Amino acid sequence: MTAAAPIVAARDLVKSFGAHRVLHEVSFSVAPSQVVVVIGPSGSGKSTLLRCCNALEVPEDGTLTVCGTDLVRNGTLIPERELNALRMQVGMVFQSFNLFPHLTVLDNVSVGPRSLRRMPRAEAEALARDLLGKVGLAQKAEAYPATLSGGQKQRVAIARALAMQPRVMLFDEPTSALDPELVGEVLQVMKGLAREGMTMIVVTHEMGFAREVADVVMVMDGGRIIEEGPPEQIFGAPRNPRTRSFLQAVI
Ligand code: ADP
Ligand code: MG
């Protein structure tokens, strides 16, 4: 039996901003239903790595295959039409929620499937209500984002990403902008997704979440993955001294 094809496979990815090399030959892969948590100091390249996975950044060297599509061919990005098809399969949730302020919660969640997947309104709204139920916000369908708490906004943002029926979800510090008492409700939704088998790459400083939910923890420092392994290893017996000093600083 052969292992299932990875959802994301990166090999020797290089990315610079001007003369500043931010990713140094980074290689990793994410299998279907795997939850990979990325940790590491600020500026270590975590966001850049994640942004490469849906082509918000273009790696200048290496190969990157996402959902079976090679994102970069001969150093150039695949054509726009293929890129759009690929982006629909990759959901992304940012630290800032980026909801449309002039749309209701229901419209925020249903607009993607309607406009990008050409789903009929009734079907898109039924899907959106279903997803709002899943993130615990069924009763907020008609509300506007400004009336929601940060935790509620982030749960809407997750529902909106899920509405595109992605094959992988990328989270970039989804709870970092939240008041501490609102972090748990967002992590709870993410745990539910993981349990259902969603493939996820999560950049976070929530080490409790990483311990509990991650299949693999990747530690980044200076644009490199300096260590990766199951959470028991990373948190219990880190091999790299820089992993140890990072963990001492954050735990
Ligand atoms: P992290 O998410 O781990 O904090 P980032 O991937 O955001 O790290 O950033 C890695 C490095 O790349 C940092 O030194 C940052 O200043 C730099 N960087 C990120 N985005 C840009 C950009 N658009 N232009 C120039 N430098 C950038
Ligand atoms: Mg970042």
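Observations on the model:
- Stretching the chain fully between Ser176 and Arg118 yields a gain of 17.5 nm (0.36 nm per residue, less the alpha carbon separation).
- The relative contact order of the chain comes to 26 percent, based on Cα pairs under 8 Å that sit 6 or more residues apart.
- Under 5 Å between amide hydrogens, built in the peptide plane, is the criterion, and for Ala143 it picks out Val105, Leu106 among residues at least 5 positions away or on other chains.
- The alpha-carbon of Lys134 sits under 28 angstrom from the alpha-carbons of these lysines, leaving out residues fewer than 8 places away in its chain: Lys153, Lys191.
- Dipole orientation for the chain: of the candidates Ala141, Leu56, Gly236, Ala141 has the Cα lying most toward the positive pole (charges on Cβ; Lys, Arg +1; Asp, Glu -1).
- Overall form of the chain per C-alpha gyration tensor (a/c, 1.5; a/b vs b/c): oblate
- The residue among Gly150, Pro166, Pro32 whose Cα reaches farthest toward the positive pole of the charge dipole of the chain, with charges on the beta-carbon of Lys, Arg, Asp and Glu, is Pro166.
- Among the GluC sites (Glu not before Pro) within the range 143-251, those in coil by DSSP and having at most 13 neighbouring Cβ atoms inside 10 Å are Glu196.
- What you get for the chain, charging only the Cβ of Lys and Arg (+1) and of Asp and Glu (-1), is a dipole of about 320 debye around the Cα centre.
- For the range 6-107, GluC sites (Glu not before Pro) are listed when DSSP marks them as loop and at most 15 other Cβ atoms sit within 10 Å of their Cβ; the list is Glu60.
- Radius 12 Å from Cβ of Ser176, net charge of other residues (Lys, Arg +1; Asp, Glu -1): -3
- Computed FRET value (nearest 0.05) for Lys191 with Ala4, which takes r as the C-beta separation and R₀ as 22 Å: 0.45
Read-outs throughout are calculated quantities, based only on the coordinates presented, and are distinct from any laboratory measurement. Predicted model only: the values in this text are computed from it and were never measured. Every residue, glycine among them, receives a Cβ derived from its backbone with ideal geometry; neighbour counts consider all protein chains shown.
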